[in-house]
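Read-outs: derived from the displayed coordinates by stated rules, not from any lab. Given the structure is predicted, the values throughout are model-derived calculations rather than measurements. Cβ: placed from backbone, ideal geometry, glycine included. Neighbour counts: every protein chain shown.
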Amino acid sequence: MEHYKNIHIQLIKACKKGNRKAQTKLYSLYSKAMFNTAYRILNNVHEAEDAMQEAFIKAFNKLDTYSETVSFGAWLKKIVVNTSLDVLRKQKEFFENIDQYPDIQDDEQCLNEREITFEALKIRKAIMQLPVGYRIILSLYLLEGYDHDEISGILGITASTSRSQLTRAKKKLLNILQSHEAF
């Protein structure tokens, strides 16, 4: 497998040697993006901060397992996503059966991306109103860039369940936006 050319490789090598200044620098480069990833999953500032901190600790402790076949950011994001999902599982808020949410009849016209022309802030507020399962799949797919096979591996569900839940999440999001519940 070809190695990914990481622009921060010298910094990562210094971190592997336990250099605290390098760790602080790496943290400052990635903390905002990783906080946003955790927040989109957890929908709570304090929990997102805690999950992000825990993920960085895990990453620094396991830095020797970073193989440079992917970007450091992608490797770290996976740790943040898994740590955030662990927080939800511990709270028992995590969906045991993702099909617990009411089924919304499939109507492709409702999913027309052009219908969602609201400002980013309104959409973000609406996303945070989604049920946990919907919010997680929507965030992982649309915002974090994972495909359905990756989501199925992360959440322990089938790829088809991920696809159907994404469709339902989009419809629910559209309903929230249209009903102005997000404001």
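Lys and Arg at +1, Asp and Glu at -1: add these up for the other residues within a Cβ distance under 11 Å of Y27 and post the number.
Combined, the nearby Lys, Arg, Asp and Glu give +4.
Eight or more residues apart or on different chains, and alpha-carbon atoms under 16 Å: count the Lys pairs in region 9-90 matching that.
Eligible lysine pairs with Cα atoms under 16 Å apart amount to 15.
Using the C-alpha gyration tensor of region 9-90, what are the square roots of 5 times its eigenvalues, in whole angstrom, with the largest one first?
22, 12, 11
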